[in-house]
Amino acid sequence: MFRRVIAALVLAAASVLFLGSPAQAFPATACDRTAGPEGRPGEAKDYLSPINNTVWTHNMYGCQWLDNGNRWTFYKGTATLRMVNGDLGVYNKAGVRKWHTNTAGSGATQMLWQQDGNLVLYTSGYARAVWSSGTYNKCNRYTEFPILATQSDNNLVIYCGIAGTNAIWATHTAGI
């Protein structure tokens, strides 16, 4: 009985540590890789922004990823989010980089949009986080949830809540 109690306490402590760290290593089972989000991840529907009625957003929920050497396209191909040599960047339609994480050569192999609202670059096997948006658990888990939006104005934005009115992070690449 004592061993069961100790094992349960160790498991509970490990769960708290795992969920409580902004740079936690995600196990292979944390996100369903069968969805294949490369290209244009998440739901296939675009939404008109409630903040600006001339901007369309493509909203993604947690567990979307981008592998090194691949890209996501923004609305109607106006821009792309690319990961090249461990550096994540937003590129305009002409292929000019307008924003990046400055992590080239860091060993990052994958970007992960986490369910906790943090956008993170990891080395192989989620061994080490090399960059993060710093938005870990910034959204209230009970009344709103984090959304990553690629927008028609070429801005990559993290919002709290499905309404998309509370921006907590952005690349500030609108109009590139």
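Since every read-out is calculated from the coordinates, none of them should be taken as a lab result. Quantities reported herein were computed from a predicted structural model and do not represent experimental measurements. Cβ sites come from the backbone with ideal geometry, for glycine too, and all protein chains shown count toward neighbours.
Among Val120, Val84, Val130, sorting on how many other beta-carbon atoms sit within 10 Å of each Cβ, with the fewest leading, yields Val84, Val130, Val120.
Converting phi to 3J(HN,Hα) with the Karplus coefficients 6.51, -1.76 and 1.60 and the offset θ = phi - 60°, segment 85-96 yields 6, x, 10, 8, x, 9, 10, 6, 4, 7, x, 8 Hz in sequence order, with x at every glycine or proline.
Each listed q (0.17, 0.20 Å⁻¹) maps to a log10 I(q)/I(0) for segment 38-170, found by the Debye formula over equal Cα scatterers with no solvent: -0.86, -1.18. Near Thr109, the amide H atoms lying under 5 Å from its own belong to Tyr122, Thr123, Ser124; only residues 5 or more places off or on other chains count, and H is placed 1.01 Å from N.
At a temperature of 20 °C and a viscosity of 1.002 mPa s, determine how fast segment 94-140 diffuses translationally according to Stokes-Einstein, using the Kirkwood radius over alpha-carbon pairs as Rh; express D in µm²/s, rounded to the nearest whole number. Could you put the intermediate results ahead of the total?
Details: Rh = 11.7 Å.
Answer from the Stokes-Einstein relation: 183 µm²/s.
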